[in-house]
Ligand code: HEM
């Protein structure tokens, strides 16, 4: 876009509170912001200043794919809002720009492709089978989050990371201590250090390995001098704890299916539509509160006739992009036959979530196991009594009381 067409008029700054929402309710403030315009200014609770917010699918893709918007610069600009669904540290993958970002992501990329995660499908199904066996043996009622949705992603991620079966229990304990909001901060920090020390040893041992798991890929990259051991360990800890996102997104997914029996019935009756239906559910589920990390413009850039100045912070909303009516007709409707479905639930551009194919595989296995093996599965309390997480970035039920 040429400079002459850019407006210098700054839109008003809108305050965007981080609401504690229940169920799968879409943030009503975000709905208003989307109506206000495609490129507006917002102030988030933890931010001192204002930032741009981009909400249309097309613009979100442009901003996230444009190297003139930097993540490295975020660290210099906004130390207050440095959170996604993990606690970041300096040099973490979320705050790197190419070429450092490409180098680090490249080291583990093969394990996270559709082909890479397919490798662990059988073992993941077996691990889930054990959890569902226990659920059925213990009998109703049960909390689906505590019994299945929380432990399953942790063990699957350990599997992808190449953690030996004997060590999985320890990884589960550390992950729980790191992620639990009720754990003392010092205990969480110690668990993080212990997990880091564990991965340093595991990755160090695999330096010459040709295996396909993440620790082996990282070990080989360390051996070739492509990444440092410190970078590899930081990434492994981030990936292991990243499994939390699947717990909460699938918590919302099952809340949705249990409160919309028509959707669950269709999935039971037509198992062949499940992969496509899961994409539609992922598009619809509002997985987070407000927005993730911003990006900083390194030079003046025009978006929809608005001049973004060098140094300005820009947020994209993947949730808003997923409801863009130009891309998703009747965006409020859950339509299992929606095609194409270019949802941005896993982000876009170089920082796109590496866990997308893995999360899809896990969601698919969970839907298969719980719908097919527990056909009478239903909520044990009225929907309004399901407790949802409060004050967190990632939304989802705190517990999901079910019976059958
Ligand atoms: C349903 C589950 C998940 C959702 C909805 C989700 C969503 C996202 C989103 C929206 C981003 C940010 C993209 C950006 O910064 O623009 C992201 C980044 C990331 N996710 Fe996920 N994620 C999920 C599961 C996972 C899993 C299972 C893992 C690890 C095994 C993971 C690891 C990461 C990492 C490491 C990043 C940072 C990538 C980078 O900055 O290069 N996520 N995720």
Could you give the spread of the C-alpha atoms of the stretch 3-403 along their three principal axes, from largest to smallest, in whole angstroms?
68, 53, 40
By how many nm would the segment from residue 197 to residue 376 lengthen if fully extended, with 0.36 nm per residue of separation less the alpha-carbon distance?
60.0 nm
For the ranges 182-189, 339-346, 319-326, what's the packing order if you count other beta-carbon atoms within 10 Å of each residue, average per peptide, and put the highest first?
319-326, 339-346, 182-189
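Quick one: order 353, 250 by neighbouring beta-carbon count within 10 Å, fewest to most.
Numbers: 353 18, 250 30.
By the 10 Å Cβ count, ascending: 353, 250.
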Check: C-alpha center the stretch 23-70 vs C-alpha center the stretch 275-308, spacing in Å is 7 Å
Tell me the mean residue ellipticity at 222 nm calculated for the chain from its helices only (DSSP H runs of n ≥ 4, each -39500 (n - 2.57), averaged over every residue, nearest 500).
-14000 deg cm²/dmol
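Which of 373, 389 comes first, and how do the rest follow, when ranked by fewest Cβ neighbours within 10 Å? Walk me through the numbers before you get to the answer.
Details: 373 15, 389 19.
Ordered by Cβ neighbours within 10 Å, fewest first: 373, 389.
Applying 1/(1 + (r/R0)^6) with R0 = 22 Å to the Cβ-Cβ distance of residue 259 and residue 335, what FRET efficiency is obtained, to the nearest 0.05?
Details: r = 18 Å, r/R0 = 0.80.
Step by step, r from the Cβ atoms, then E = 0.80.
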If you average the C-alpha positions of the stretch 131-150 and of the stretch 360-381 separately, how far apart do those two centres end up, in angstrom?
11 Å
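Values in this text are rule-based calculations from the coordinates and carry no lab data. Because the structure is predicted, anything quoted here is derived from the model rather than measured. Backbone-built Cβ (ideal geometry, glycine too); neighbour counts: all protein chains shown.
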